[in-house]
1. Would you mind calculating the gained length between B:Ser48 and B:Arg141 on full extension (0.36 nm times residue separation, minus the Cα-Cα distance), in nm to one decimal?
2. Rounded, prolate or oblate: which fits region A:11-83, taking a ≥ b ≥ c as square roots of the Cα gyration tensor eigenvalues, rounded meaning a/c under 1.5, else prolate when a/b beats b/c?
3. Using a cut-off of 17 Å between alpha-carbon atoms, which aspartates and glutamates can reach A:Lys56, once sequence neighbours fewer than 8 places away in the same chain are excluded?
4. For A:Asn191, go 7 angstrom from Cα along the Cα-to-Cβ vector, then report the distances to that same point in the other copies in nm, smallest first.
5. Which order do B:Tyr146, A:Tyr182 fall in if you start with the one that has the fewest other Cβ atoms within 10 Å?
6. What shape does chain B take by its C-alpha gyration tensor, where a ≥ b ≥ c are the square roots of the eigenvalues and a/c under 1.5 counts as rounded, a/b above b/c as prolate, and the rest as oblate?
7. Considering amide H positions built from the backbone, and no H for Pro or chain starts, which residues 5 or more places from B:Glu136, or on another chain, come under 5 Å of its amide H?
8. Ordered shortest first, which distances in nm separate the 7 Å Cα→C-beta label point of B:Gly151 from those of the other copies?
Protein chains: 2
Amino acid sequence: MGAVRGQSPAEIPDVVVERLPHYLRALRALRDEGTEVVSSQELGEALSVTPAQIRKDLSYFGRFGKQGRGYSVPHLVLDLTRILGLERAWPVILIGAGRLGQAIVTYPGFTPEGFHIQAAFDTDEAVIGTHIADIEVRPVREVQKYVRQKGIEIAIVAVPGEQAQAVIDGLIRVGIRAIMNYAPSNPRVPNGVRVRTIDPVQALQTMTFHLTGQQHPEQQAAPKPASAGPR
Amino acid sequence: MGAVRGQSPAEIPDVVVERLPHYLRALRALRDEGTEVVSSQELGEALSVTPAQIRKDLSYFGRFGKQGRGYSVPHLVLDLTRILGLERAWPVILIGAGRLGQAIVTYPGFTPEGFHIQAAFDTDEAVIGTHIADIEVRPVREVQKYVRQKGIEIAIVAVPGEQAQAVIDGLIRVGIRAIMNYAPSNPRVPNGVRVRTIDPVQALQTMTFHLTGQQHPEQQAAPKPASAGPR
DNA sequence: CTGTGTGAATTTTTTCACAGCT
DNA sequence: AGCTGTGAAAAAATTCACACAG
């Protein structure tokens, strides 16, 4: 029966876990177009990942493939969904209801994936009490009560960089265990708490390095898309 | 499979380049508070990075420290700025002027870092001709001319996932060499083109894995910034 | 003394390659 | 046959530890 159990994630490299959503997305696309079975080879081509890596990654969690055949797409979708903890919906709170926070709340990508932004908090009197989409902006001092009451574990932080560390410290004190940080800062968190900082500027800055270093564009003509893309 | 040949900047690992903006941000903060000199030890504590890693990373680019003293903060800021290609401003175009694209244009973090969104493009007749902040939304068919004329190398893509690959293929054909992709997709690009996909949902999905796996939150008290320095 | 820069050692991650299941 | 799952090998990244410069 259940091949997949919640094993101690201590053993599983972070780098592996970070690839799973990637696989899941591709598998869902395959499923939606009716593909029943996929080999690590085929999946790897779709994702620009080596087949060996896919097999090795999956092997951390169990045996999902059928030798000689490949992986059942619908089954693997379910397995990865379960492994990632995506069978349930996750309530999320947002701290910082400024321009960026508002864009996050209205971003349509979270809800279909089960991430429901339930409440927003801010310190600015001007926005407290207003509504973004259909959620009300509350004063930050109510965070603790809210988190405890609703058992929230995930927070999205969209406050100015200087405030991020203080806000995050407060969230952790209140029981938050996973934080998506949109502030350009390097927050320190205790063990057991996960942070992911999303920083488009840093991403751009690594790209300018490459743009600057390469003197000659060299091959420039047609960029073979290598995909069976329709036009 | 294709190892990247050609005259890429030396043989500097990507993972090293990706840390440089991180260092730079911390160094600028130190500079702005008047710190003249910093050791790899101190910088490492500020960033939760080992001192050895900082020294090793920097050593790919030269010798910036003074033995017995540490690094001159202002000098290292300048050196990293130059290494990353941030002495100049970078014009950027945006493809996709929907809700997300509009948020990107109005995000105040790009301009101070020298990334200037110069133009936005969309296929939707309804938004073409409108203005976001002070830039006009143009029809995508004008991208090629614009990019060539202005010598743009960086694009931000904020279109629906299904369209991302096609849009990116087009951009590359037109000469774009660095792409920040906000679409939840896995674009394939030819050698010599860099893509960074920013995908908050994937980030959340790796966090739910950890939230699900750990049965017991284990009591973590105050978020002591204690550098979890092992040993 | 202090703290860099760097070969060497260690650890982590990726890839190989093949036994074995279907 | 075809393709997984996995030890073993290889490669990459990190950390150690120390000679040496200031």
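Read the figures in this text as sums done on the coordinates, not as results from a lab. In this text the structure is predicted, and so the values were computed from the model without any measurement. Every residue, glycine among them, receives a Cβ derived from its backbone with ideal geometry; neighbour counts consider all protein chains shown.
1. 28.9 nm
2. It is rounded, given that a/c, with a ≥ b ≥ c, falls under 1.5.
3. A:Glu11, A:Asp14, A:Glu18, A:Glu42, A:Glu45, A:Asp79
4. Nearest to farthest, the other copies are at 4.5 nm.
5. B:Tyr146, A:Tyr182
6. Prolate, since a/c reaches 1.5 and a/b exceeds b/c.
7. B:Ala120
8. Result, one decimal in nm: 6.0.
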